[in-house]
1. Residues of segment 103-123 being in contact (Cβ under 8 Å) with a residue 40 or more places away in the chain and under 11 Å from residue 59 (Cα atoms), which ones?
2. Among the residues of segment 145-159, write down those that are surrounded by 15 or more Cβ atoms within 10 Å (Cβ to Cβ) and either over 21 Å from the mean Cα position of the chain (by Cα) or in a helix (DSSP H, G or I) (or both).
3. If you check residue 329 against the conditions, is it part of a helix (DSSP H, G or I), surrounded by 23 or more Cβ atoms within 10 Å (Cβ to Cβ) and modelled with pLDDT of 95 or more?
4. At least 3 residues that are touching a strand residue (DSSP E or B) at 6+ places or on another chain (Cβ under 7 Å) and modelled with pLDDT of 95 or more in each: list the helices (runs of 4 or more DSSP H) lying fully within segment 52-144 that qualify.
5. Tell me, please, whether a residue that is out of contact with any strand residue (DSSP E or B) (no Cβ under 9 Å at 6 or more places or on another chain) and in a helix (DSSP H, G or I) can be found in segment 261-284.
6. Being more than 20 Å from residue 258 (Cβ to Cβ), in a strand (DSSP E or B) and free of Cβ contacts under 8 Å to residues at least 40 places away in the same chain is the filter here; which residues of segment 165-219 pass it?
7. Being in contact with a helix residue (DSSP H, G or I) (Cβ under 7 Å, 6 or more places away or on another chain) and surrounded by 24 or more Cβ atoms within 10 Å (Cβ to Cβ): is that true of residue 246 here?
8. Would it be correct to say that residue 206 is on the phi > 0 side of the Ramachandran plot, modelled with pLDDT under 95 and surrounded by fewer than 18 Cβ atoms within 10 Å (Cβ to Cβ)?
């Protein structure tokens, strides 16, 4: 990691550091190789629909990895409060172009995933503004019985996960290389569902849970209308077992708080890019970025939430969320996650 003066582009303050992505050449890649010098357009997104156990129809957009080979990973991306798949589409397209299959749902009360009981009451008001903590808990829910495929409680993320499992081909769309990315509220929902996913007991036929191989929290919200990430951060696998990357911007309020809580259970396994010593030209974190199970990366940007998640640096040498997520996936895969 090397120091570099900040600079502005398009009104956005670009990062004050440049990550040397030797751990992941994909992190510095642009679009996949073209055929005969002409870029091959990626597949158009497909709409996936599912219904939760409490009757909410959830719509998700599936951006299939281009080309004939296997996807780098399957990424499920969850938007911030008031967002939708559209607000994360730039991130989805960047990850798709780099070889990932990406699924982006509209969480209940957002976009196309309307809640019937709120339709009349909402009127011209966004349903997202009417959601309460119970609605956010329902987004993360998966429980009921011992057999997951027959569970009686299926929330937003679980319902889409089940569709991924049904449609999965082991190459383009798979739970074997499954990563969660959440922005703002979506980060708390992603962490909460990761805990719920891991709680399913194994059967004689094999494991039912533990699908998540890594978790990316972008500008995570600590508390949203009473729904808090605090307890979630103290429960495995989020507490110390899952690789976690936290991405923050200059205006991010809660990311450092989330990171500091997770550090307690990983005293020697974390990396923080704010700890760069210009005099010695080295970072003083206890672990290298390529070896840490918990990574904090602050980008010099005033963007927040889904806008930060979808920011794409014009200069391929500059880190942005899409490139950092790709590096994180490669690093986690190399360490056997």
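1. 103, 104, 105, 106, 107, 108, 111, 112, 113, 114
2. 148, 151, 153, 156, 157, 158, 159
3. yes
4. Hits in segment 52-144: 89-97, 133-140.
5. Within segment 261-284, one or more residues are out of contact with any strand residue (DSSP E or B) (no Cβ under 9 Å at 6 or more places or on another chain) and in a helix (DSSP H, G or I).
6. Once the filter is applied, which keeps residues that are more than 20 Å from residue 258 (Cβ to Cβ), in a strand (DSSP E or B) and free of Cβ contacts under 8 Å to residues at least 40 places away in the same chain, segment 165-219 yields only 206.
7. Considered against the rule, which asks whether it is in contact with a helix residue (DSSP H, G or I) (Cβ under 7 Å, 6 or more places away or on another chain) and surrounded by 24 or more Cβ atoms within 10 Å (Cβ to Cβ), residue 246 comes out as yes.
8. Spelling it out, residue 206 is indeed on the phi > 0 side of the Ramachandran plot, modelled with pLDDT under 95 and surrounded by fewer than 18 Cβ atoms within 10 Å (Cβ to Cβ).
The values are calculated or read from the model by the stated rules, or taken from the named source; none is laboratory data. None of the values given here were measured: they were computed from a predicted structure. Neighbour counts are summed over all protein chains in view; Cβ atoms, including those assigned to glycine, are modelled from backbone coordinates with ideal geometry.
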